[in-house]
Amino acid sequence: SRQSRLLCHDDQPQYTLTQPPNWRIVRNYRTSPKGLKYLMCFSASVSFATGSVLIVGGAFAIWKASNRNKRYLPISLIPVFAGIQQFMEGHVWMGLNGGDPHMVWWGTMGFLFFSWFIWPSWIPVAIYVLEPPQGRKRILLFFALAGTVLGLILYIPHLINPDWVSAGINNRSIAYED
């Protein structure tokens, strides 16, 4: 068996593991010139950079949609929403690393707003707008309403009871618990 040192951006070993020949997590690391494998560490800076790229790409998509066909506007907003969600996660990272529970809670609730409310309702709405009038609009409207109701059922109780939600770092990523 081979051994790989998994390192973060600060080149400090996190742990050593024995890698079997059929180890499948090959997409999550990069190889250095010395042949060491580096596992990507997620952080606030990665979340903010990703959010920035998504928002800029979304702004371009919105511009294109507004010039070509306005029916594409709801779907062109998806990268912007994903970018805002990444900014929320960046604030969770900052709060966790800085020991600020208020920042963690606000960032977590912002992140979960997209996960629990926006995505289940917005995706069907965006597809509903794209669907031609004689198509499957009725079923898509049903999914949009169901996603909205589900999102409200999931999100509002956690918004009212802040102690129900927690976030922590688990294996160099954020674990959202309720």
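Which of the residues that make up the range 21-67 are assigned to a helix (DSSP H, G or I), modelled with pLDDT of 50 or more and open to solvent by 60 Å² or more (accessible area, probe 1.4 Å)? Even if it seems obvious, please write down each step before you answer.
Here is the first cut: in the range 21-67, the ones assigned to a helix (DSSP H, G or I) are 26-28, 44-67.
Then drop every residue that is not modelled with pLDDT of 50 or more, which leaves 44-67.
Passing the criteria: S45, V53, V56, F60, W63, K64, N67.
Can P132 be described as more than 13 Å from the chain's Cα centre (by Cα) and either assigned to a loop (DSSP other than H, G, I, E, B) or surrounded by 18 or more Cβ atoms within 10 Å (Cβ to Cβ) (or both)?
Numbers: more than 13 Å from the chain's Cα centre (by Cα): yes; either assigned to a loop (DSSP other than H, G, I, E, B) or surrounded by 18 or more Cβ atoms within 10 Å (Cβ to Cβ) (or both): yes.
Yes: the conditions hold for P132.
Let me spell it out: the conditions are (1) in contact with a Gly (Cβ under 8 Å, 6 or more places away or on another chain); (2) free of Cβ contacts under 8 Å to residues at least 60 places away in the same chain, and V92 meets all of them except one. Which number is the exception?
(2)
Looking at the range 90-101, can you tell me whether even one residue there is assigned to a helix (DSSP H, G or I), within 30 Å of N170 (Cα to Cα) and of a type in the set (D, E)?
There is no residue in the range 90-101 that is assigned to a helix (DSSP H, G or I), within 30 Å of N170 (Cα to Cα) and of a type in the set (D, E).
Residues that are of a type in the set (V, I, T), under 21 Å from the mean Cα position of the chain (by Cα) and more than 18 Å from G99 (Cβ to Cβ): does the range 153-173 have at least one? Let's see the steps before the verdict.
Just the residues of the range 153-173 that are of a type in the set (V, I, T), to begin with: 153, 156, 160, 165, 169.
Within this subset, residues satisfying the condition of being under 21 Å from the mean Cα position of the chain (by Cα) are 153, 156, 165, 169.
Adding the requirement that they be more than 18 Å from G99 (Cβ to Cβ) leaves 153, 156.
Checked against the condition, which is being of a type in the set (V, I, T), under 21 Å from the mean Cα position of the chain (by Cα) and more than 18 Å from G99 (Cβ to Cβ), the range 153-173 yields at least one hit.
Here's a check for you: in the range 154-178, which residue that is over 19 Å from F114 (Cα atoms) and of a type in the set (D, E, K, R) is surrounded by the fewest Cβ atoms within 10 Å (Cβ to Cβ)?
Applying the filter and picking the extreme gives D163.
Every residue in the range 63-94 that is touching a strand residue (DSSP E or B) at 6+ places or on another chain (Cβ under 8 Å) and under 21 Å from N161 (Cα atoms), please.
Passing the criteria: E89, V92.
Residues checked against (1) open to solvent by 50 Å² or more (accessible area, probe 1.4 Å); (2) in contact (Cβ under 8 Å) with a residue 60 or more places away in the chain:
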site: S76; (1), (2): no, no
site: F81; (1), (2): no, no
site: F87; (1), (2): yes, no
site: T108; (1), (2): no, yes
site: S121; (1), (2): no, no
site: L152; (1), (2): yes, no
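Are any of the residues in the range 78-89 touching a His at 6+ places or on another chain (Cβ under 8 Å) and not small (G, A, S)?
Step one: list which residues in the range 78-89 are touching a His at 6+ places or on another chain (Cβ under 8 Å), which gives none.
No; the residues of the range 78-89 include none that is touching a His at 6+ places or on another chain (Cβ under 8 Å) and not small (G, A, S).
Could you say whether any residue in the range 143-150 is buried (at least 18 other Cβ atoms within 10 Å of the Cβ) and not hydrophobic (A, V, I, L, M, F, W, C)?
Yes.
Could you identify the single residue in A126, A167, A175, A146 that is out of contact with any Ser or Thr (no Cβ under 6 Å at 6 or more places or on another chain) and farther than 30 Å from A65 by Cβ?
A175
Only one of (1) open to solvent by less than 40 Å² (accessible area, probe 1.4 Å); (2) at pLDDT below 95 fails for G99. Which number is that?
It is condition (1) that G99 fails.
The values are calculated or read from the model by the stated rules, or taken from the named source; none is laboratory data. Quick caveat, the model's predicted, so the values are computed rather than measured. With ideal geometry, Cβ positions are generated from the backbone for all residues, glycine too; neighbour counts draw on all protein chains shown. Accessible surface is based on the protein model in full, side chains and every heavy atom, while ligands, DNA and RNA are left aside. Shrake-Rupley method; radii C 1.70, N 1.55, O 1.52, S 1.80 Å.
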